[in-house]
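For reference, the structure is listed below as structure tokens.
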Amino acid sequence: MEKWFNVGKIVNTHGIKGEVRVISKTDFAEKRYKPGNHLFLFLDGSQEPLELIVKAHRVHKNFDLLTFEGYENVNEVEKLKNAIIKVPENQLGELDEGEFYFHEIVGCLVFTVHGEEIGKVTEILTPGANDVWVIKPKNGGRDILIPYIEQIVKKVDVKEKIILIQPMEGLLS
């Protein structure tokens, strides 16, 4: 059985030339949405994914804008709204040392380098220069935001689902 990974969601159309607005959930948007790449759309009520080929990609505001081969105008892409964009596991590709896919990080337990359990990674935000990991504290309370920078994140073991951090002053309070 094929394992699928969510890389985005089509939230609307954009303009009249067949462009769609995507909220991206992918780790590497510039690679994932490269022209010629195959993406699979899962539409509401459909059993089989719709395979599409990326024709063009650009970023506008906080959205990735995509056009697909064979879709030339807004009327043709209107039916794609709310579709979830996924790729099969064989399209994930190899990563360099110190790089991770979001699905490998989400669910990891986070500990300080002194062994204190902080909580579990529930989400990854990509606001700019570095990713920010959202931690649900083990004792409840407000989520903790940890920037993914080497001064803080000391070790990531995706096989054991454990992350060690050296918190800066005030980070956990």
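Here are the numbers:
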quantity	calculated
Whole-Hz couplings from phi, Karplus 6.51/-1.76/1.60, listed for the stretch 148-157; x for Gly and Pro	7, 9, 5, 5, 10, 7, 9, 8, 10, 10
Additional length obtainable on full extension of the chain from residue 44 to residue 157, 0.36 nm per residue less Cα span	37.1 nm
Greater than 21 Å apart at Cα, pairs in 86/154; 3/155; 61/81	86/154; 3/155
The stretch 4-91: proportion of alpha-carbon pairs further apart than 21 angstrom, %	18
Over the chain, equivalent-ellipsoid semi-axes from the Cα gyration tensor in Å	35, 16, 15
Estimated [θ] at 222 nm from DSSP helical runs (n ≥ 4, -39500 (n - 2.57)) normalised by residues in the chain, nearest 500	-1000 deg cm²/dmol
Gyration tensor (Cα) of the stretch 16-59, equivalent ellipsoid semi-axes in angstrom	19, 13, 11
The stretch 71-173: proportion of alpha-carbon pairs further apart than 24 angstrom, %	35
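Where a number appears in this text, it was derived from the coordinates with a stated rule and is not lab data. None of the values given here were measured: they were computed from a predicted structure.
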